[in-house]
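Engineer: I'd like to ask you about the structure that follows.
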Amino acid sequence: MPIYAVTGASGQLGRLAVLGLLSRGVRASDVVAVVRTPGKAADLAGRGVQVREADYSCPSSLVVALADVDRLLLVSSSEPGRRVIHHTNVIEAAARSTGTSRIVYTSMLNADDTTNPLAEEHQDTERALREAGIPFTFLRNGWYTENYTGQLDEYLRRGEILGAAGSGRISAATRRDYACAAVTALLQDEPGNRSYELGGPSFDLSELARVISEVTGTAVVYRDLSVEEYTSSLRQAGLDQGSAEFVAALDVSIAHGDLATDSQDLARLLGRPAMPLAEVVRTAAQRTTTR
Ligand SMILES: NC(=O)c1ccc[n+]([C@@H]2O[C@H](COP(=O)([O-])OP(=O)(O)OC[C@H]3O[C@@H](n4cnc5c(N)ncnc54)[C@H](OP(=O)(O)O)[C@@H]3O)[C@@H](O)[C@H]2O)c1
């Protein structure tokens with residue numbers, strides 16, 4: 001039986017992917033959870049998953065952790081600015097293992113021609129994978145819907161969503177759906193290299209506000225600001241200047257259409273439609289009221 005490994009397995013997406021492999025019938029002993037902090041994956045170890053400690057910035061730890069791995073899900077690092085070296089270390093360690101036959105990498109939607117300020121590190125990682133000579137699958141993930149529903153309390157408290165995204169459409173999907181698609185990509189036998197553009201049904205921020213209003217019964221509107229106004233509102237909310245400018249630049253990229261896709265790749269990998277926005281909001285609202 002192939003050995004499947006997932007990096008970032010103590011994180012939100014990686015953990016869902018590990019659990020997804022188990023729920024699809026992979027034996028726990030054939031799953032390797034690669035984590036920086038084993039204590040965070042004690043529950044996975046308790047289920048029989050092989051929890052192996054490795055740090056993206058420590059090549060030797062990765063070589064040991066990936067030594068016998070057949071198929072690897074490389075969940076992108078959460079440290080912008082350090083991602084390329086982190087990912088390259090993982091790719092080089094996989095290349096030294098006895099037989100890594102596929103690396104599945106969580107990249108970014110529209111990575112070929114996006115203006116998203118986070119894109120460059122994904123583009124560089126894709127290039128490193130092309131050069132590594134190991135068959136690869138690019139999962140070009142769109143935004144997590146949770147990027148928005150994680151702020152639901154704030155939206156409801158203010159009665160508004162602030163942004164500079166204009167009417168830019170966002171083909172977001174939940175981490176759970178992206179993880180489920182990643183599990184399919186790991187399990188399926190396919191020749192050569194693949195690239196999937198992954199996103200759910202699109203919405204803009206006015207639609208998000210409308211759905212939140214309908215689902216929760218609390219009126220929320222979207223207030224579209226200039227980049228300068230949005231940056232300044234983020235500063236007032238406590239972000240430093242650099243972070244505020246960065247977050248505002250993400251919205252400029254959304255306005256540009258970078259996080260929208262008509263691709264049906266996600267639904268195809270899932271074998272069903274992605275979770276609709278209203279349902280994601282409803283789930284988040286229930287969590288809010290039961291806290
Ligand atoms: N599409 C989107 O909207 C979106 C949004 C946010 C992030 N992302 C990207 O998607 C990835 C997965 O998302 P997520 O929500 O699962 O993120 P997350 O919950 O923050 O998980 C990140 C994981 O990376 C691990 N990690 C960070 N630095 C590491 C290192 N030096 N060595 C080994 N492991 C390291 C963390 O380990 P610890 O538990 O030890 O910290 C954690 O397990 C993120 O890392 C980021 O690249 C995408």
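The values are calculated or read from the model by the stated rules, or taken from the named source; none is laboratory data. All values derive from a computational prediction rather than experimental measurement. With ideal geometry, Cβ positions are generated from the backbone for all residues, glycine too; neighbour counts draw on all protein chains shown. For accessibility, only protein heavy atoms count, side chains too; no ligands or nucleic acids. Shrake-Rupley method; radii C 1.70, N 1.55, O 1.52, S 1.80 Å.
Engineer: Checking Gly46 against (1) open to solvent by less than 20 Å² (accessible area, probe 1.4 Å); (2) out of contact with any Ser or Thr (no Cβ under 9 Å at 6 or more places or on another chain); (3) more than 9 Å from the ligand (Cβ to nearest atom), which single condition isn't satisfied?
Structural biologist: (1)
Engineer: Considering only segment 150-160, how many residues are touching a helix residue (DSSP H, G or I) at 6+ places or on another chain (Cβ under 8 Å) and open to solvent by 20 Å² or more (accessible area, probe 1.4 Å)?
Structural biologist: 4
Engineer: Hey, among Phe203, Phe246, which residue is aromatic (Phe, Trp, Tyr), surrounded by 17 or more Cβ atoms within 10 Å (Cβ to Cβ) and closer than 25 Å to Asn110 by Cα?
Structural biologist: Phe203
Engineer: Looking at (1) more than 23 Å from Gly8 (Cα to Cα); (2) in contact with a His (Cβ under 7 Å, 6 or more places away or on another chain), which is the only condition Ala128 fails?
Structural biologist: (1)
Engineer: Scan segment 184-199 and report the pairs whose first residue is over 27 Å from Arg169 (Cα atoms) and whose second residue is open to solvent by less than 40 Å² (accessible area, probe 1.4 Å), with Cβ atoms within less than 6 Å and a gap of 6+ or a chain change.
Structural biologist: Leu186/Tyr4; Leu186/Arg71; Leu186/Leu73; Leu186/Val104; Asn193/Phe136
Engineer: Follow-up question, since we're still on this one. Please state which of the following conditions Gly25 fails to meet, knowing it meets all the rest: (1) open to solvent by 40 Å² or more (accessible area, probe 1.4 Å); (2) on the phi < 0 side of the Ramachandran plot; (3) more than 8 Å from the ligand (Cβ to nearest atom); (4) not hydroxyl-bearing (Ser, Thr, Tyr).
Structural biologist: Of the numbered conditions (1) open to solvent by 40 Å² or more (accessible area, probe 1.4 Å); (2) on the phi < 0 side of the Ramachandran plot; (3) more than 8 Å from the ligand (Cβ to nearest atom); (4) not hydroxyl-bearing (Ser, Thr, Tyr), the odd one out for Gly25 is (2).
Engineer: Also, quick follow-up: So is Ala33 within 12 Å of the ligand (Cβ to nearest atom) and part of a strand (DSSP E or B) or not?
Structural biologist: Yes: the conditions hold for Ala33.
Engineer: When segment 1-30 is examined, which residues are found to be part of a helix (DSSP H, G or I) and charged (D, E, K, R)?
Structural biologist: Listed by number, the residues that qualify are Arg15, Asp30.
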